[in-house]
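K.L.:
The structure follows.
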Amino acid sequence: MKNFDLQRFGRVLRFDFAQNRQHLLLCVLGMLMIYLFFFWFAHNIGMRVDIVTDWELHIKNICEGVGIFGVVCFYIYMMATASTVYWREQKKAKRTAWLMLPATNLEKFLSRWVFMLAVSLGGFLMFFVADAIHMAWLWMTGKPVIAATTYFFPQTTNVAWLRLFSVNCIFLAGQAFFLLGGILFRKFQPIVTALVGIVPFLGLLHFMTYDQPYMSDIPYAWYLGFMSVFFVALTCVFTVLAYRLFCRWQLATRNFVNLP
């Protein structure tokens, strides 16, 4: 059997989405509800409506706040979905059915990785849906229509876009780390993986806080480029480690970790 066959991979992918469609739907709709809750909370908890004198400024402040909280919530969502993408296979019956599929480990791992990507993309797109619902409500109530998605984008400068790209590279590495934790641990994967990652995260935060390029001779753009390349490489390392660990899965494992 070849290590990767496109037609066989397609069958595994269809099987994967069919088996986990409820999980995908619940995650995506859950994010939509959270985004809508942010809009509702921003409108109902804050400045009293009867004393608002500048509705345009008021709506802008609401959209800016929801945009910031929406980004933070989405990054948390990315980590949580990565660590729970193998939640069905933590039970022996589901694990047996998954491991006995007529496909290679690479095809099964890539299929679940694509599913994780679809769940993440669905959660991201739900912010635009929630923003469209919010704008429709603003239009129907005669208030200024302002899009919260405009606060997702930085200023139109090369350094600002590079900064945004480097931040996304950091969270992609974090998602790959949580994927590794979701494969390694059998119980409480998001919590245990987060606790394990606290020490390296604090070390990274110290490095990025106290070793900024304005304290050295390194240009800021070069610093951001180096950080982006570093975290892309780290993402690849965590993903390869997750695949290697997945290849070692056994039907009978220890109580807390997926090791023979």
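K.L.:
Counting only protein heavy atoms and a 1.4 Å probe, tell me what percentage of the chain's accessible area is made up of carbon and sulfur.
P.N.:
Values: 10900 of 15160 Å².
Roughly 72 percent, rounded to a whole number.
K.L.:
Starting at the first residue of region 110-115, write each ³J(HN,Hα) from the Karplus equation 6.51 cos²θ - 1.76 cosθ + 1.60 with θ = phi - 60°, in whole Hz, x for Gly and Pro.
P.N.:
5, 4, 6, 5, 5, 4
K.L.:
Okay, next question. For the chain, what does the relative contact order come out to in percent, with C-alpha contacts under 8 Å and a separation of six or more? Please report the intermediate quantities before stating the final value.
P.N.:
On the way: 241 pairs, mean separation 66.3, N = 260.
Relative CO of the chain lands at 26 percent.
K.L.:
Test of understanding: in a Gaussian network model of the chain with alpha carbons linked when under 10 Å, which of 100, 79, 126 would top the mean-square fluctuation ranking?
P.N.:
Result: 100 has the largest fluctuation of those listed.
K.L.:
Go through (1) -0.76; (2) -0.83; (3) -0.62 and flag the label whose value is the computed log10 I(q)/I(0) by the Debye sum over Cα atoms at q = 0.11 Å⁻¹ for this structure.
P.N.:
The value matching this structure is (1).
K.L.:
First measure r as the distance between the Cβ atoms of residue 147 and residue 99, then evaluate 1/(1 + (r/R0)^6) with R0 = 30 Å and state the FRET efficiency to the nearest 0.05. It would help to have the intermediate numbers written out before the result.
P.N.:
Values: r = 46 Å, r/R0 = 1.54.
In this case the efficiency is close to 0.05.
K.L.:
Here's something else I'd like to know. Which value, in debye to the nearest 20, describes the size of the charge dipole of the chain about its Cα centre when Lys and Arg Cβ atoms bear +1, Asp and Glu Cβ atoms bear -1, and nothing else is charged?
P.N.:
Dipole size: approximately 1600 debye.
K.L.:
With every protein chain present, what is the per residue accessible area of the chain (1.4 Å probe, Å²)?
P.N.:
Using a 1.4 Å probe on heavy atoms only, each residue of the chain averages 58 Å².
K.L.:
Which whole-Hz couplings ³J(HN,Hα) result when phi for each residue of region 90-106 is put into the Karplus expression 6.51 cos²θ - 1.76 cosθ + 1.60, θ = phi - 60°, listed in order with x for Gly and Pro?
P.N.:
Computed from phi, the couplings for region 90-106 are 6, 8, 4, 5, 5, 5, 4, 4, 6, 5, 8, 4, x, 7, 7, 4, 5 Hz.
K.L.:
Now for a separate question. Return the calculated 222 nm mean residue ellipticity for the chain, to the nearest 500 deg cm²/dmol, obtained by summing -39500 (n - 2.57) across DSSP H runs with n ≥ 4 and dividing by the residue count. Don't skip to the answer; put the middle values down first.
P.N.:
Working: 9 runs with 187 residues, N = 260.
Calculated from helices alone, the mean residue ellipticity at 222 nm is -25000 deg cm²/dmol.
K.L.:
Where does the charge balance sit around residue 95 when Lys and Arg score +1, Asp and Glu -1, over other residues with C-beta under 9 Å from its C-beta?
P.N.:
Working: positive: 88, 91, 92, 94; negative: 89.
Net of charged neighbours comes to +3.
K.L.:
Step through the residues of region 68-80 one at a time and calculate ³J(HN,Hα) from phi using the Karplus curve (6.51 cos²θ - 1.76 cosθ + 1.60, θ = phi - 60°), rounding each to whole Hz and writing x for Gly and Pro.
P.N.:
Once rounded to whole Hz, the list reads 5, 5, x, 5, 4, 5, 5, 5, 5, 4, 4, 5, 5.
K.L.:
Could you check which residue among 144, 200, 102 shows the biggest mean-square fluctuation in a GNM of the chain with a 10 Å Cα cutoff?
P.N.:
200
K.L.:
May I pose another question? Which residue fluctuates most in the GNM of the chain (Cα springs below 10 Å): 24, 101, 164?
P.N.:
Result: 101 has the largest fluctuation of those listed.
K.L.:
Follow-up question, since we're still on this one. Name the residues whose placed amide hydrogens come within less than 5 Å of the amide hydrogen of residue 186, ignoring near sequence neighbours (fewer than 5 apart) on the same chain.
P.N.:
Those qualifying (amide H under 5 Å, at least 5 residues apart or on another chain) are 257, 258.
K.L.:
Residue 151: net charge of surrounding residues, Cβ under 11 Å, Lys/Arg +1, Asp/Glu -1, itself excluded? All intermediate terms of the calculation are to be shown ahead of the outcome.
P.N.:
Values: positive: 60; negative: 64, 131.
Once positives and negatives cancel, what remains is -1.
K.L.:
With the convex hull built on the Cα atoms of region 94-190, state its orientation-averaged projected area in nm². If you can, show how the numbers build up before the last one.
P.N.:
Values: hull surface 39.9 nm².
It is 10.0 nm².
K.L.:
Once the dipole of the chain is set up with Lys and Arg at +1 and Asp and Glu at -1 on Cβ about the Cα centre, which of 78, 259, 200 lies farthest towards its positive end?
P.N.:
Of the listed residues, the answer is 259.
The values are calculated or read from the model by the stated rules, or taken from the named source; none is laboratory data. Worth saying up front: this structure is predicted, and the values here are computed from it rather than measured. Ideal geometry is used to build each Cβ from the backbone, glycine not excepted, and the neighbour counts take in all protein chains shown. Accessible surface areas use protein heavy atoms only, side chains included; no ligands, DNA or RNA. Shrake-Rupley method; radii C 1.70, N 1.55, O 1.52, S 1.80 Å.
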